[in-house]
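Coordinate-derived values only; no laboratory data. Since this is a predicted model, take the numbers as computed values, not measurements. Every residue, glycine as well, gets a Cβ built from its backbone with ideal geometry; the counts of neighbours run over all protein chains shown.
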Amino acid sequence: MSALEVASGLGLENEDRAIEVASAPTSANGSVKSRPKKKNYKIKDGRLRQSMKRSDEKFRRARAAAKSSELLLQEEAGYLEAEGMEKTYKFNQEELKQSVDITTASKAFDLKLPDFGPYELDYTTNGRKILLGGRKGHIASFDFREGVLDVEFNVNETVRDVKYLHNDQFFAVSQKKYVFIYDKTGAEVHCLKKHIEVTHMEFLRYHFLLATVGNAGWLKYQDTSTGEQVCELRTKLGPSTAMAQNPYNAIIHLGHSNGTVSLWSPNSTTPLVSMLCHKGPVNAVAIDRGGNYMTSAGADGQLKIWDVRMYKEVHAYYTPTPATTLTLSDRGLLGVGWGPHVSVWKDALKVKQKSPYMTHLSPGSAVSDLRFCPFDDILAMGHDNGVSSLIVPGSGEANFDALEANPYETVKQRRETEVQGLLNKLQPEMIALDPNFIGGIDARAPDERKQALRLVTTSETDKIKEENTKLQPKAKTRGKNSALRRYLRKKANNVIDERRLRVQESWEKEKTMRQNYRKQQRGLPVDDTEVGPALSRFGK
Amino acid sequence: MIIKTLSRSSDTYLPARSTEISRVSRNLDPSLHPFERAREYTRALNATKLESVFAAPFVGQLGNGHTDGVYSLAKDFGKINSVASGSGDGTVKFWDLTSRDQHASISAHKGIVKGLTVTLEGNLLSCGMDSTVKLWDVSAPDSSVPLKTFLGSSGFTGVDHHRSRPTFATSSSKVEVWDLNRSKPISDLSWGADNVNTVKFNQSEQSILASTGSDRSIVIHDTRSSSPVQKLVTSMRSNAISWNPMEAFVFAAANEDFNTYLYDMRKLTRSLNVYKNHVAAVMDVDFSPTGQELVTGSYDKTLRIFRVRDGHSRDVYHTKRMQRLFCVKFTMDAKYILSGSDEGNIRVWRSEASSRSGAQSARQRTKLEYDAALKERYKNMPEIRRISRHRHVPSHIKTATDIMKIEIASRERKEENVRRRSKKGSVPYSKEREKHILGVALKE
C-alpha cells in the first residue's frame, strides 16, 4: 500500500489533523536530500491557480499524514513458516493447536452436527458472530470466542443459505420457498415472498441491500432499511450456480451453468460484463477485498484467477475433483473446498504458486461452505457432518478500523454504528463498475448525457442508439433496372440476335406500360392508343 | 514450525471501567474504507440538508422598537454590544445588544432622524430634517439636552464621523465638513447636486469621503484639499454607500435600479461586481467587518447577504411583518445583522442562518469543520447545489423575480434582434458591470 493510495483513500478525513513529517525522502545513506520538486503552475487564471496550489498542498499533507499514520498500526499479522525439510501444507490442525497460544487454540473447534448437514456459514462484518444454517433446517448464531449462544432453532424445512444483515441483530435465511428474516432472538421478522427458492444471498452493507438469486435465475435486490424491493433482474441463464459481491464496487458476480460469470448492478437490466470462465458450470466465485482479482472454480476442475479490471485470466490452477466452494481472506489467502478437502493458497493471486499453503481433510464429509473470519486467523468450514473452524495463520487483517467494523464494539457503539450507517446509506444508483464516478466530470456530449440520465447505463444507450439508426428511413430511390434492361445492358451492344430483339421489344412494352401506370396514378390523360394487336387496325 | 497467529487481548480494546471511553483504533488502508467518494458525497448531502433544517436566522427584535419607522442605525466601531437607532418621529434610542433592551430614549429632533454616527469619545451625533445636528452624551443619555447643537441651512440627510480626528461630515443640500469644537462648518465640498443623500468617511484612508447625490452621482471628496475629487454618474440614483473596511479603495453603493455595485475608487469607469437578486430599490448596504460579505436592505421587504466575490445573494431574510427596509448593519463581531424597517422594529439576525453561538464541544466543532469541508468539496454536485441554493421567499418576491426574468429575457432578445439586423459591430454588447455608468468626471 503506497502512501498515495492512502492519501486518496482517506480524503478529507485527516487533512486538518495532518501531522507534518519531513516530506523530503532521504536516500539510503542519508547523505543526499532531495526536496520535493516545486510545481510550475501554468494556469493563467489566478484564482484557479491558487486553488490548484491549495488542493495540491492538501494532498501532500494528506499523503504525509497517511504515512505517519502507519505508526499507529500496532498489531502484527500472523504467519506460519516451515523449518528445514518441513512443508507448511503438511502441518495438520492438531499440531498447530499445540503450538499456538491457548486463546487461538480455543477458537479452533469442531461441531459434530451430523443430522442436519451440510452447513452454510456466515460471519458478521466485525467477525464477532458466526451463523450456521444446516440444510435440514438447523439455524444457530453464536459468539464463537466467548462461546455464548445467541439463538438456535430449527425451521423444519430446507435451508439453502444464511446471511447476516448489517450487524448480528438480524439475519436472512433462504428456506424451502421464501427468504425469511429473523432477529437475534430467533423471532421471524419478515417473510420476503418475492424471493422464491433462493439459493444464494449477498448483503451489501453500505447500501443496505440484500441481493438474492434463486433457481429461477432472477437476481433481486431488497432494501433492508426501507423494506422496498429495489429491482429484479432476469439473468435468462437458468439457476445461478454461484454468487459473490465485489467489496470494492458492490457489483454482484453470478456464476452460471453455461460457464459464464456475469457482473450485475441494480441499475442495468443486462449484465455489465459477461465473462466466459469455464467449460462447464461455474461452481464458486470469490473476489478479493481490493476488488482487483476474482477467483472462479468450475465443474471442469479448473480454478482460475481473473483480473476484474481487465477481465482477463491471470493464471489457472486445477483441483483433482471440481472445487465446490471458494473464499478469499482479507489478506488475500484463498480457501478452496473440493470434496472432503480444504486447501489454502497463499499469494496465489498475483503469482502462480506451486503448492498450497495449508491443507485439511475432513474424512467422509464433503465441504459445503468456507468462510474466513474477518480480523482473525480462522477459517470456518461447513461440511456434511457439522462445522469446523481451522487455524490459518496470516489470513486475517491485523489492524481493524473501529469506525468501520469493530470486533470489540460495545452495545452503545453498535447502535451508534447502525444509526451512522443508515444516515450514510448509499443509494443503489451509486453502484457502478467504477465507484469513484461520483463527483467526477462526465465527458460525454450533453445530449448523450441526458439520454444516459434516463437510461443510466451505457449499454442501454448504445442499444437505443442502434435502434434509432435502424428506424431512420433509408434514402431509397426506385431502381430503374429491370431484368430485361439488365439483359440488354450485359449483352454486347454490337451483336444483334433474335433473342435480343425480342427482349428489346418486351422491354419497350414494359416501359410504356409503366409510364402509363404512373400517369394514371397522377391523374394525367393516358395515351391508350395501344389497344392490342387485334384492335389496333381500327384506330387512327 | 514458526507460527504466530492473531491473538488480541480484549484488555487493550475494551475499557476497564464503564466510565472510560473505549479505544478507537484506526487503520487508514483504503481497502478497509470502500466507496470513499459515494460515502463522502452522502455525508455532504446530509450536511447540506441539515444546514437548511437548522437554518433559523431570526434571533429577535430590540425591545419594542420605535413607534415610527426606523431610518438610521449607528454602531460603535470600538464596542460590540451597543447600538443606536433613529426614527421617523424624531426619537433616538440606545440599545444594549446583549440583553436586547432599550437603554435610553430621547426625542432628539422635530421630524425624521436621517443620520446617526458615533464620535471618538463614544458620544452620538444625530442629524435630522429639522436642520440640526446634535451631539448626545451616551453615558448619561436621559438628560434629553444635547451636549452641542450644530445649525445648518437645510434638512440634513446623513452624518458620518472621521475615524481619528474630531471632525464630521454632513450631507444636506451640500456636503459640509464640521469640527466638533466649532459651530460653523469648516469646509463645503459640494459638487453639483441639489440634494445629497448620504455621506461616508473611509475608515482606512481616513481623509477620503464619498457621497451620493440626487443627480444620480457618487462623488469622492478629499478633506485634505477641501474639495471633491471625482464624480461618477450612474443611470439611477444611489441610496447608500459602504466602504470596505479591509480594502481601503473599495466601496459598495446601493442603487435604485435593484442592484448593488462594488467600485474601486481608483477606476470608476467600471464596477468591480454587481450584486443582483433584489426586486426593488436597494436602500442600504453595509460591509461585514471582515470585508468578505455585505448585507443589503431593500424596498422589497427583504435583506440579502452577498459574498463579495459572488454576484448573487448567499441568503435572503424576510418575515411576514417586516416592511420596507431602510437601514441594515453588521454588528462588529460579524455574527449578527441588524435591520431597521418601516414598521418601527429593529431586528437581530444571524449572519450564518444555521450557526449557533453557544459553547461547542471539541467533537461538535470537529464535526462542523468536517461537514464544512465536505460541503465545499461537493458543492457543485447538482443535488447539493440545488438544496443549498434553495430559499423560500414570499410570493410577492417570487412573482416579481419571475416577471423580472421575463423582462430581462425579452430585452435581451430584442437587443439581439436589433443586432442581427444591423451592420456587423454597430450594436456592441454592453458589459453588465459598465452599462449602468453614464460617465466619470475628475475635478481639476
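At 7 Å along the Cα-to-beta-carbon direction for both B:ASP89 and B:ALA140, put a label point, then send me their distance in nm to one decimal.
Placing both labels 7 Å along Cα→Cβ, they lie 2.7 nm apart.
Computed FRET efficiency, Cβ-Cβ of B:LYS79 and A:LEU71, R0 41 Å: what is it to the nearest 0.05?
0.25
Within the range B:38-55, what residues put their amide N at less than 15 Å from the label point 7 Å along the Cα-to-Cβ vector of B:SER354?
Of the residues in the range B:38-55, B:41-55 have backbone N under 15 Å from the label point off B:SER354.
Would you mind classifying the range B:39-107 by shape? Square roots of the alpha carbon gyration tensor eigenvalues, ordered a ≥ b ≥ c; an a/c under 1.5 is rounded, otherwise it is prolate if a/b is larger than b/c and oblate if not.
Prolate shape, in that a/c is at least 1.5 and a/b is the bigger ratio.
At 7 Å along Cα-to-Cβ for each site, give me the label-to-label distance between A:ALA187 and B:HIS312 in nm.
The answer from the label model is 5.1 nm.
How large is ³J(HN,Hα) for each residue in the range A:65-70, as worked out from phi by the Karplus curve 6.51 cos²θ - 1.76 cosθ + 1.60 (θ = phi - 60°), to whole Hz, x for Gly and Pro?
Coupling constants for the range A:65-70: 5, 5, 5, 6, 6, 4 Hz.
Can you quote the Å³ per residue value for the convex hull of the Cα atoms in the range B:305-444, rounded to an integer?
Value for the range B:305-444: 244 Å³ per residue.
With the crude spin-label approximation of a point 7 Å out along Cα→Cβ, what separation in nm comes out for A:GLU510 versus B:ASP257?
7.8
Could you work out how far the C-alpha centroid of the range B:77-156 sits from that of the range B:1-69, in angstrom?
49
Using alpha carbons only, what's the Rg to Rh ratio of the range A:118-234 with Rh from Kirkwood?
Rounded to two decimals, Rg/Rh equals 0.95.
How would B:ARG17, B:ARG216 line up from fewest to most surrounding beta-carbon atoms within 10 angstrom?
B:ARG17, B:ARG216
Which percent of Cα pairs goes in each bin when the distances of the range B:1-66 are cut into 5 angstrom slices starting at zero?
Pair shares across the bins are 3, 10, 8, 9, 10, 11, 13, 9, 7, 5, 5, 4, 2, 1, 1, 0, 0, 0, 0.
Report, as a whole number in µm² per second, the diffusion coefficient that Stokes-Einstein gives for chain A at 10 °C and 1.306 mPa s using the Kirkwood radius over alpha carbon pairs.
My calculation gives 56 µm²/s for D.
Counting Lys and Arg as +1 and Asp and Glu as -1, each charge on the Cβ, what is the dipole of the range B:175-294 about the Cα centre in debye, to the nearest 20?
About 240 debye.
Residue farthest toward the positive end of the dipole of the range A:223-374, with Cβ of Lys/Arg at +1 and Asp/Glu at -1: which of A:THR269, A:ILE251, A:TYR357?
The residue sitting farthest along the positive end of the dipole is A:TYR357.
Sort the protein assembly as shown into rounded, prolate or oblate with this rule: let a ≥ b ≥ c be the square roots of the eigenvalues of the Cα gyration tensor; rounded if a/c is under 1.5, and if a/c is not under 1.5, prolate when a/b is larger than b/c, oblate otherwise.
Oblate shape, in that a/c is at least 1.5 and b/c is the bigger or equal ratio.
Taking neighbour Cβ counts within 10 Å as the exposure measure, how do A:ILE130, A:ILE378, A:ILE305 sort from fewest upward?
A:ILE305, A:ILE130, A:ILE378
Give me A:VAL419, A:VAL526, B:VAL177 sorted ascending by neighbouring Cβ count inside 10 Å, so fewest comes first.
A:VAL419, A:VAL526, B:VAL177
Work from the charge dipole of the range A:98-201 (Cβ charges, +1 for Lys and Arg, -1 for Asp and Glu, about the Cα centre) and give the residue of A:ALA105, A:ASN156, A:THR199 farthest towards its positive end.
It is A:THR199.
Taking only pairs that are 8 or more places apart or on different chains, how many Lys pairs in the range B:158-297 have Cα atoms under 16 angstrom apart?
Value for the range B:158-297: 5.
Please give the FRET efficiency for A:MET310 paired with B:VAL59, using the beta carbon to beta carbon distance and R0 = 56 Å, rounded to the nearest 0.05.
0.40
Can you give the helix-only mean residue ellipticity at 222 nm for chain B, where every DSSP H stretch with n ≥ 4 adds -39500 (n - 2.57) and the sum goes over all residues, rounded to the nearest 500 deg cm²/dmol?
Dividing the helical sum by the residues of chain B leaves -5500 deg cm²/dmol.
Pairs A:LYS87/A:LYS107; B:LYS49/B:LYS375; A:LYS412/B:LYS375: which are spaced more than 19 Å apart, C-alpha to C-alpha?
Where the Cα-Cα span goes over 19 Å, the pairs concerned are A:LYS87/A:LYS107; A:LYS412/B:LYS375.
Please compute the length gained on full extension between A:THR103 and A:GLU83, using 0.36 nm multiplied by the number of residues separating them and subtracting their Cα-Cα distance.
Contour length minus Cα-Cα distance gives 4.8 nm.
Could you give the distance between the Cα centres of the range A:314-338 and the range B:263-322, to the whole Å?
The two parts, judged by their Cα centres, are 67 Å apart.
For the range B:123-214, state what percent of all Cα-Cα pairs lands in each successive 5 Å bin, counting from 0 Å until the bin that includes the largest distance.
3, 15, 26, 25, 19, 9, 3, 1, 0
Gain in length, B:ARG270 to B:VAL418, computed as 0.36 nm per residue apart minus the alpha-carbon separation, to one decimal in nm?
50.8 nm
Percent of Cα-Cα pairs per 10 Å bin, from 0 to the last occupied bin, for the range A:254-379, please list those.
Whole-percent P(r) values from 0 Å outward: 13, 45, 33, 7, 1.
Where in the range B:114-139 does the amide nitrogen come within less than 19 Å of the point 7 Å from the Cα of B:SER99, taken along Cα to Cβ?
From the range B:114-139, the list is B:138-139.
Take the Cα gyration tensor of chain B, multiply each eigenvalue by 5, square-root it, and list the three semi-axes largest first, rounded to whole angstrom.
That gives 47, 31, 20 Å for the three semi-axes.
Report, in deg cm²/dmol and to the nearest 500, the calculated mean residue ellipticity at 222 nm for chain A, where each DSSP H run with n ≥ 4 adds -39500 (n - 2.57) and the sum is divided by the residue count.
The helix-only estimate for chain A comes to -6500 deg cm²/dmol at 222 nm.
Given charges of +1 on the Cβ of Lys and Arg and -1 on the Cβ of Asp and Glu, with all other atoms neutral, how large is the dipole of the protein assembly as shown about its Cα centre, in debye to the nearest 20?
Charge dipole, the protein assembly as shown, about its Cα centre: 5660 debye, nearest 20.
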